[in-house]
Amino acid sequence: MRKNIEQMIPEVWKVFRSNLVVFVPPVFVFVVYSIVTVSFIVMFFLSISLKISGLTGFFTDFRVEELKSLLTQVTAYSIVMLIIFGILMLIISVIHAAGWGNMFACAAVNGTTNLGDYFDGITRFTVRIGAGTILKMCVQVIPLLLAAVLIAAVMIAFPRQWITFSAAAIFLVPPLILLELVLGLFLWMWRQACFIEDIGVVAAFSRSMEFVKNNLIQVILVFVMWIVCSVFISGVFMFLSLLFHTLSQSLMKDGMFLMPFFISLNINLLSWAVGTIVMVFFLFFFYVLYKERLEEEKQSVTVQSDHISLA
């Protein structure tokens, strides 16, 4: 019997409640991100300081040529460092996504997961998740490139006619946004397919499009539930922020200058924590939804095979 979204909520809640261990890896990743970021900032500013201090007489005998040379070196160095930093952060996020996604898949399929599944996912899926992430980015960049080519063609055909250029840009923006949303929606389940079915990137993309096409209403409904919950939580914490902001005015008058800062910090941290919990719940929802529909598909194939053998 095919379960609807309402019937699946208790099952998703049970999987979520039984696998709170999924919150552990992001804590370690946050620490790694922090260490890498702080190290990068320290190294960057230290190296810039050394470059500046190497210019003897720069401050006492100011020369424009040395300033231009310094700015050129700093700009080039900054671009290279930012590229290296971005690649390093991308590698960390891909490794984490491989391990974390395997934990969600194991929890959805087996009902339970552990940190062993995280490290197993890193060894088995890192290359596939990295390749899939790059491929998905390339697919979603194609419409942007087409739009850029069309806008450039309009600019060449109608030089210095800014009204025509603006009209073309405005005309292209809504369909471009719609196309990006559709692409993102139909490719959303590729990781679930990759982890649960243990298939390659191209096959996972194909399965994702097939899955979303066959379960479009259910996928959109889960997204809508996620958005509604997120908006509600944001509204609640926005109201709390306004309420405590009013309270902070009286606290500052009483000489408690640091208290508003700590209150605001705690509200922001609490908002982030609740938002993360909601995000993890709905990620579980997508994995459980994929697992349920995959089992139904296998049962349907078995029934059809039985009918063929009987015939």
With R₀ set to 41 angstrom, the calculated FRET efficiency between the beta-carbons of Leu146 and Met43, to the nearest 0.05, is 0.55
Which of Val202, Val21, Val109 comes first, and how do the rest follow, when ranked by fewest Cβ neighbours within 10 Å? Val202, Val21, Val109
Whole-Hz Karplus couplings 3J(HN,Hα) for segment 239-244, θ = phi - 60° and coefficients 6.51, -1.76, 1.60, Gly and Pro as x, run 4, 5, 4, 5, 5, 6
Using the 10 angstrom Cβ neighbour count as an exposure proxy, how do Cys194, Cys229 rank, fewest first? Cys229, Cys194
Karplus-derived HN-Hα couplings along segment 179-186 (A = 6.51, B = -1.76, C = 1.60, θ = phi - 60°), whole Hz, x at Gly and Pro: 5, 5, 5, 5, 4, x, 5, 6
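Please report the projected area of segment 91-241's Cα convex hull averaged over all directions, in nm².
In nm², the orientation-averaged hull projection of segment 91-241 is 13.4.
Please work out whether segment 74-160 counts as rounded, prolate or oblate from its C-alpha gyration tensor, where a ≥ b ≥ c are the square roots of the eigenvalues and a/c under 1.5 means rounded, while otherwise a/b larger than b/c means prolate and anything else oblate? Intermediate results must be reported in sequence, preceding the final value.
Working: a/c = 4.97, a/b = 1.95, b/c = 2.55.
Oblate, because a/c is 1.5 or more while a/b does not exceed b/c.
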Looking at this model, which pairs from Lys14/Lys213; Lys14/Lys136; Lys3/Lys298; Lys3/Lys136 are more than 21 angstrom apart at the alpha-carbon? Lys14/Lys213; Lys14/Lys136; Lys3/Lys136
Residue by residue through segment 38-47, what is 3J(HN,Hα) from phi via Karplus (6.51 cos²θ - 1.76 cosθ + 1.60, θ = phi - 60°)? Round to whole Hz and write x for glycine and proline. 4, 4, 4, 5, 5, 4, 5, 5, 5, 5
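Bear in mind these aren't lab numbers, they're just calculated from the coordinates by the rules spelled out. Just so it is clear, the structure is predicted and the values come from calculations on it, not from any experiment. Cβ: placed from backbone, ideal geometry, glycine included. Neighbour counts: every protein chain shown.
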